[in-house]
Structure formats: C-alpha cells, structure tokens
Amino acid sequence: MAETCSLDMLDQAELARYHAYVFEADRQRHLLAHSLKRQILACLTSKTPASLKFHTGHGGKPCLASEEVHFNISHSGNWVALAFSADRPIGIDIEQARDLDYKSLLTQIAHPQDTLPLCDSRKEQQFLASWSMKEAVAKCSGEGLSIDFPSLRLSPGGSDNYICTRSDATWHVFHLIHEDTHLAVASPQPDQRLRFIQVEMVPR
C-alpha cells in the first residue's frame, strides 16, 4: 500500500468509534482495519480512500454505498482480517483463543449433526472452528448475532472448505487454522473468487 494508516481517511462514524475505544491497542487496530478497508476498496473502485461512502445494510452490515464491491472485516487479539468480493455477499471471522468456558459455549451453538474439521478433541478448538465458520455465515447473510446458530449445520466440503446448511439456505465456507487462530470466509457460492487479507499487529 502506497498510503499509510491515517485518521484523515476515516469518516465521522469511523472516527467516533476510534475515539470511543479506551485502550490504545484497540484504537490502533480499528485504525488499521478501516484504513486498509478504504485503501483496498479505493484500488478496486478507482476512487480515493477518503471519498468512499458507506451505509448500513440488512441486519446492520456495513456496505459500500455504491455497492460495487462486497466487503467484511473481523478482528481478534493481534489479528485483523478483511475479505472482498466483486460479485457476491461475503462474511469473514477470525478468532483467537481466550480464557472462556468453551465446553458450555459449544453446546449453545452446535447443530446435532455438525462435522467439525478437527481431529483435535479439545473443546476450545472445536468451539473456535464452529464459531468462526458460523459467525462468517452470519455476517455473510447480514443476520449477524441474531442468527440461530444451532440451526446451521457444518459439513466437510473438501480441502479446507465446508458447507453450512440451513433449511432455507446454503453457504460455502473456507476455514484455516494458524497457531490456534481460526479464520473463516463464507459466501453463497462455492467458486469463491475472493480477495482477503490478514494483518498481524506488530507492537510499536
């Protein structure tokens, strides 16, 4: 990227969220995510980063006002992840392990016939795999956290790809594990011509 992360790129809503964070690390992560979002979308739409306009779509999902490109953002721990698609809705989620009751959480989101991608029997890893994929689907659909997670069934689709089905819809999910961090990207179609970027935060 020719440009660096700059507050000058952000609009009033993005700036308000930036200043609302208490911790500097959270502010810098927000700045990084939204500066990169604007720079990449500017490249894809032949516009300047600061000129891009956004609105809130179905379920509160952020959208480019011109709807030329679909995008989604996620962050967890030291990671920021962005995904872009020229012709279809997209959702991305990244999850880094935290100190949580994973066994209890897994029972709250599991479908009885879920087939998780891990030989690892640790509930932590099973939950992170399931949550990241279902959260990516929830963001892709625009339903967000209002979606009924137990209604989503995960099945292997081959080579890091999974199929997530519900009675009324099907999504195709790419899933990756890196150092116990789980990344998932969801789209309604299997031939995901997606462009996604992961950025690891480097302490200053």
Open item on the list: Within a 10 angstrom radius of the beta carbon, how do Ile92, Ile109 rank from fewest other beta carbons to most?
Closed with: Ile109, Ile92
TODO: Among the GluC sites (Glu not before Pro) in the stretch 9-110, which ones are in a DSSP loop with at most 14 other Cβ atoms within 10 Å of the Cβ? Mind listing them?
DONE: Glu67, Glu68
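What is the magnitude of the charge dipole of the stretch 70-191 about its Cα centre, with +1 placed on the Cβ of each Lys and Arg, -1 on the Cβ of each Asp and Glu, and no other charges, expressed in debye to the nearest 20? Please report the intermediate quantities before stating the final value.
Working: 9 positive and 16 negative charges, 36 e Å.
In debye, rounded to 20, the stretch 70-191 gives about 180.
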Task: Qualifying trypsin sites (Lys or Arg not before Pro) for the stretch 44-111 [loop in DSSP, other Cβ within 10 Å: at most 16] - done: Lys47, Lys53, Arg98
TODO: Would you kindly derive the ³J(HN,Hα) couplings of the stretch 35-52 from the backbone phi angles with the Karplus curve 6.51 cos²θ - 1.76 cosθ + 1.60 (θ = phi - 60°), listing them in order in whole Hz, with x for Gly and Pro?
DONE: 5, 5, 3, 5, 5, 5, 5, 4, 5, 6, 10, 6, 10, 8, x, 6, 7, 5
Task: Selection from Gln126, Ile92, Thr181, by position along the positive dipole direction of the chain (Cβ) - done: Ile92
- [ ] Would you grab the residues whose amide H sits under 5 Å from the one on Arg88? Only those 5+ places off in sequence or on another chain, please, with H modelled 1.01 Å from N.
- [x] His70
TODO: Using Cα positions and a limit of under 19 Å, work out the lysines in reach of Lys139, with same-chain residues fewer than 8 apart set aside.
DONE: Lys37, Lys61
Task: Within the stretch 31-58: backbone nitrogen closer than 15 Å to the Leu15 label point (7 Å, Cα to C-beta) - done: 31, 35, 50-52
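Counting only C-alpha contacts under 8 Å and six or more residues apart, can you give the relative contact order of the chain as a whole percent?
That works out to 19 percent.
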TODO: Give, rounded to the nearest 20 debye, the magnitude of the charge dipole that the chain has about its Cα centre when Lys and Arg contribute +1 at Cβ and Asp and Glu contribute -1 at Cβ.
DONE: 260
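Please return the longest range in the chain lying between exposed loop sites, taking chymotrypsin sites (Phe, Trp or Tyr not before Pro), DSSP loop only, at most 15 other beta-carbon atoms within 10 Å, and leaving the sites out.
Values: sites that count: Tyr21, Phe23.
No qualifying site falls inside 24-204, the longest such stretch.
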TODO: Would you mind computing, in nm to one decimal, how far apart the modelled labels at Leu32 and Ala86 are, each placed 7 Å from Cα along Cα→Cβ?
DONE: 2.9
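Values quoted throughout were computed directly from the atomic coordinates according to the rules given, and no laboratory measurement underlies them. What you see is a predicted model; the values in this text were computed from it and never measured. For neighbour counting, all protein chains shown are included, and Cβ atoms are generated from backbone atoms with ideal geometry for every residue, glycine included.
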